[in-house]
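Below you'll find the structure, written out as structure tokens, and then a few comments.
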Amino acid sequence: MTSLILNISKIVAQAFADEGLEAGFGQVKTSDRPDLAQFQCNGAMAAAKVAKLSPRAVAEKIVARLNTHDIFSKIEIAGPGFINLNLTDDALGEYVNNLACDPRLGVRDIGAGATVVLDYGGPNVAKAMHVGHLRASIIGDTLRRVLKFAGYDTIGDVHMGDWGTMMGMVISELELRHPEWIYFQEDFSGPYPDESPVTIEDLAEIYPTASGNSKSDPARMALSHRATVELQNKRPGYYALWQKMVEVSIASMKSNFAALNVYFDLWLGEASVHDVIAPMVEDLKAKHYAVMDDGALVVPLKRNEDTKEYPPLFLYKRDGAVMYSTTDLATIVDRVEKFHPAKILYIVDQRQNLHFEQVFRAAYLTGIVSPDVELTHVGHGTMNGPDGKPFKTRAGGVLRLEDLIALGLEKARQRLHEAGIDQHFSGDELDDIARKVSVAAIKFADLQNNRMTDYIFDLDRLTSFEGKTGPYLLYQVVRIKSLHEKADYQFDPSHRIIVDRSNRDLVLMMVEWPQVLEAATRDYAPHFLCDYVYKLAQMFSSYYAATHVLSQEDVATKISALALSHLVLKHIEMILDLLGIYAPQRM
RNA sequence: GGUCCCGUAGCUCAAUUGGAUAGAGCAUCUGCCUUCUAAGCAGAGGGUUGCAGGUUCAAGUCCUGCCGGGAUCGCCA
């Protein structure tokens, strides 16, 4: 079904067209002034310039034509030339009753099956995941769900950092500490043991040490670089050790992502494209895109019209190693060949913007992607501490993602205990509720921010359960479920929602949904969904407080209220699903 | 220094991309649990949108200049 906004827009657009004006002026939206009208069209003011008439004169002509339609209960001109519109309750009722049978709730198919690859999460094998990974993971996963809902064929790839200097740092550190390990014996020919010599806890300690030592000591850094090159050349001992580190690391990542309901279709990393690199580089050399520059092999990207510096893209560093610019470009080669995507989206920290601009420019310049493929860096801001710098714990370290999740879980349990409702639940159900509440709190608190801006990390806010929070939404869901249980209600398509003064605002809110979803899809902006679902839940809560459902004596009125609450329930749950948030049966 | 981003209520954030009276949550204050879950509802106070100009019917949003903060600028990711 098409959205109501679209249907009204068509009618108004036709009126403009009949006046010899561009139909595009007929775009209708929900009113910014609900006290004045339900819908508005601002096109008369824009059209006035073209028509060389006053805005009000244009509006009057349009209004005269709209008056022939009986779906409008009010048509007015206000201010400089706003056309304000109200619909009859019958027209609203017809739409909302159809909505109840549409799983997409009025959203058209935007994607038409085109493929979108989403690159998000980006955890590193060398180090444990911390709160800094939260944003990229959940924004990326949400966009994957949103684009899929919008009709795209989506592929989410975790794209682990597993082939760069960080790995060389860790391997060389291990070699310094344990030179006797068989992984470091040049004459050992295998097989290597099944069990990993390092745990994720080891890695959490080793990487910061190795990184710190390498940065402060050039000789130590040289060891890291050498180990990186040898790993990339697949020296057997290094490669076997690397495989073990990847294994333990993935196990840890999976538990973190699972805890947050973050899903990936592909578990690939930088190393996955190792075999793509050499042929790609040969091709770029043959076509003279790749040239030597101070001992390194690079692709120059400068253009004369540039207003800012464009450093060249590095393919091979002077020491012979490849770096993330190399693997990112090779990954595009790989994705284009395998998936023929219409878009590739990178949900990565905004600070890497220049890097992605370089990679994209190189990809277009060399013909690795055709100009009609969209490459977008969907950047996000950083999570800062109270000092405005990237967040660190009081001890100066990073807060592990699993620790954040544990903190939320503990607080949710405490909350259930304080409310004295934990005695009504079994241990398993209690765990499940606490988990759902804490995940809802953490994810919603993050996703409701505009992804581009930095924001201040606040543990209390991230694990807050009142006000504009995830748990508030779960609470509304649970209340509706409980209401239906008490009423022993099952929805049936024959149940009619009767629109009247008591529920009109709630119905009008649901009319907005399709344009919210489209905006979120267009701008890759999850916070539009958060804003909307919160307003919807809030409006339902208000309705719920004002209208006692179970005591309604008139059968049709009662059925209408139950059917409406069912529709709202489906609506909220659907959006929560897009955010990767799930509600318990009760809480 | 070059380039880019940001500055909105005491705090944390929105504002459908140029629309009407700039909105939420937290915090503060006032009401509401003997009918559906009070993790709730109803209401109040709180603003020269950093400053100064400009563009037009209309500017938090666009252009210019200041002030303040941040990011980034060749072999880390």
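Worth pointing out:
- Extension gain for A:Gln14 to A:His340 (0.36 nm times residue separation, less C-alpha to C-alpha distance): 113.5 nm.
- Radius of gyration and maximum dimension Dmax of segment A:401-578, Cα, Å: 17.7, 53
- Kirkwood hydrodynamic radius computed over segment A:507-587 comes to 13.9 Å, based on all pairs of distinct alpha carbons.
- For segment A:158-229 versus segment A:517-587, the inter-centroid distance based on Cα atoms is 52 Å.
- Chain A - percent of accessible surface contributed by carbon and sulfur, probe 1.4 Å: 52
- For chain A, the longest principal axis of the Cα atoms and the long axis of helix A:353-365 meet at an angle of about 90 degrees.
- Estimated translational D of chain A in µm²/s (Stokes, Kirkwood radius over Cα pairs; 10 °C; 1.306 mPa s): 58
- Among beta bridges identified by DSSP and lying wholly in chain A, the antiparallel ones come to about 50 percent.
- Filter on A:Lys443/A:Lys570; A:Lys148/A:Lys570; A:Lys285/A:Lys343 - keep pairs with C-alpha separation over 23 Å: A:Lys285/A:Lys343
- Amide hydrogen proximity for A:Met160: with H placed 1.01 Å from N in the peptide plane, the residues at 5 or more positions away or on another chain lying under 5 Å are A:Leu268, A:Gly269, A:Glu270.
- Ranked from largest to smallest solvent-accessible area, with a 1.4 Å probe on the protein heavy atoms, A:Met160, A:Met323 come out as A:Met323, A:Met160.
- For segment A:165-253, the solvent-accessible area with a 1.4 angstrom probe is 48 square angstrom per residue.
- Cα-based Rg and Dmax for segment A:344-461, where Dmax is the largest Cα-Cα distance (Å): 20.2, 65
- For chain A, the longest principal axis of the C-alpha atoms and the axis of helix A:526-546 are separated by about 40°.
- Segment A:Leu365-A:Met1, length gained on full extension (0.36 nm per residue, minus Cα span): 126.8 nm
- Gained length - A:Thr547 relative to A:Ile182, 0.36 nm times residue gap less alpha-carbon distance: 124.0 nm
- R0 of 22 Å, Cβ-Cβ distance A:Thr453-A:Glu402: FRET efficiency to nearest 0.05: 0.25
- Label-to-label distance, A:Asn67 versus A:Lys392, with points set 7 angstrom from Cα along the beta-carbon direction: 7.1 nm.
- Legend: residue pairs A:Lys254/A:Lys468; A:Lys10/A:Lys535; A:Lys127/A:Lys392, Cα-Cα distance threshold 23 Å; pairs beyond threshold, A:Lys254/A:Lys468; A:Lys10/A:Lys535.
- Per-residue [θ]222 nm for chain A (sum of -39500 (n - 2.57) over DSSP H runs n ≥ 4, rounded to 500): -17000 deg cm²/dmol
- Each semi-axis of the equivalent ellipsoid for segment A:165-253 is √(5λ) with λ an eigenvalue of the Cα gyration tensor; in descending order they amount to 20, 16, 11 Å.
- Zone of A:Asp505's modelled label, taken as backbone nitrogen in segment A:453-496 under 20 Å from a point 7 Å along Cα→Cβ: A:467-469, A:472-473, A:476-477, A:480
- Against chain A, whose longest principal axis is taken from its Cα atoms, helix A:200-216 shows a tilt of about 70°.
- Inter-centroid distance (Cα atoms) of segment A:22-84 relative to segment A:386-421, Å: 51
The values are calculated or read from the model by the stated rules, or taken from the named source; none is laboratory data. Nothing here was measured: the structure is a model prediction, and the numbers come from that model. Note that we place each Cβ from the backbone using ideal geometry, even for glycine, and neighbour counts take in every protein chain shown. Accessible surface areas use protein heavy atoms only, side chains included; no ligands, DNA or RNA. Shrake-Rupley method; radii C 1.70, N 1.55, O 1.52, S 1.80 Å.
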